Each structure stands twice: as C-alpha cells, then as structure tokens.
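Just so you know, all these numbers are worked out from the coordinates, no wet-lab data involved. Every value quoted in this text rests on a predicted model; they were computed, and no experiment measured them. Positions of Cβ are backbone-derived with ideal geometry, glycine not excepted, and every protein chain shown enters the neighbour counts.
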Amino acid sequence: MMSISKTVLTDANFFVEVASGSTPSVAFFAAEWSAGCFMIEPIILKLSRKFAGRIRFCRVDADKAGDVAHTFGIVEFPTLLFFADGQPQARIDGIASESEISGMIESLL
C-alpha cells in the first residue's frame with residue numbers, strides 16, 4: 001500500500017500521535033488484506049494533498065493496532081476516524097466517496 005504518513009500508527013504510538021495532537025487528524029484504519037482499503041487509499045492520498053498543512057492524515061495498521069481498533073469499536077476496514085482537539089468527532093465505516101470524506105474533513109476546520 002502507498003504511505004499516507006511517514007509514521008504507520010500502532011497500539012504503541014496512536015494516542016501520542018493522534019489523540020493528543022492539536023491539529024485535526026484523519027486516522028485511516030486499514031488492513032493489508034482488505035480490498036476496500038486498496039480501493040479507498042487513492043482518495044485518501046488525493047485529499048491528504050488537498051488539505052496538506054490543515055489536516056494530518058495517518059494510516060493505522062489494523063493488524064498492529066488491535067487495542068486501538070477495539071477502543072474505538074472498529075470492526076470494518078477501511079474505517080476513517082476524524083479527530084479534533086484529540087477527540088473523535090466523526091467516523092466513516094467502509095468505502096466512501098471523495099466528496100463524503102472531503103465534507104467530513106471540512107466540518108473539522
């Protein structure tokens with residue numbers, strides 16, 4: 001898979017990187033084995049360029065972040081969690097359109 005951010009988040013670093021951050025974030029919970037994740041990743045990459053500097057995009061490796069996925073009740077991949085002030089504000093479970101994701105991001109700004 002292509003990289004959304006330089007750091008792939010796991011149970012060990014998720015809360016430090018996303019939930020404690022002051023910059024709004026989109027956490028892209030993905031699994032290497034999920035066809036849906038491969039389908040949506042180009043949209044996430046495009047939006048990460050569009051919103052560069054205003055929103056932080058992070059890829060969360062579902063196989064290495066099972067505790068985090070459990071904490072947020074994530075059972076479907078892909079799942080997008082939208083954070084502001086370190087708190088989850090919204091989520092999208094499954095595949096979504098670029099306009100749906102973009103609209104959710106706009107609501108964080």
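Binning the alpha carbon pair distances of segment 8-108 at 10 angstrom intervals from zero yields the distribution 17, 55, 28, 0, expressed in whole percent.
Of Thr23, Thr79, Thr71, the residue with the greatest mean-square motion in the GNM of the chain, using alpha carbon springs below 10 Å, is Thr71. For the pair Asn13 and Arg54, what calculated FRET efficiency results from E = 1/(1 + (r/R0)^6), where r is the Cβ-Cβ distance and R0 = 25 Å, to the nearest 0.05? Once the sixth-power term is evaluated, E becomes 0.65. Here segment 8-108 is treated with +1 on each Lys and Arg Cβ and -1 on each Asp and Glu Cβ, and its dipole about the Cα centre works out to around 400 debye.
When DSSP beta bridges are restricted to pairs lying wholly in segment 8-108, around 60% turn out antiparallel.
Gly86: net charge of surrounding residues, Cβ under 13 Å, Lys/Arg +1, Asp/Glu -1, itself excluded? It works out to a net charge of -1.
Counted by Cβ distance under 10 Å from Ile74, the other residues give a net charge of -1, where Lys and Arg count +1 and Asp and Glu count -1.
If eta is 1.567 mPa s and T is 4 °C, what Stokes-Einstein diffusion coefficient results for segment 49-92, Kirkwood Rh from Cα pairs, in µm²/s? Translational D for this selection: 111 µm²/s.
Arranged from fewest to most other beta-carbon atoms within 10 Å of their beta carbon, Arg49, Arg91, Arg56 become Arg49, Arg91, Arg56. Charged neighbours of Pro24, selected by a Cβ distance under 12 Å, balance to 0 (K, R count +1; D, E count -1).
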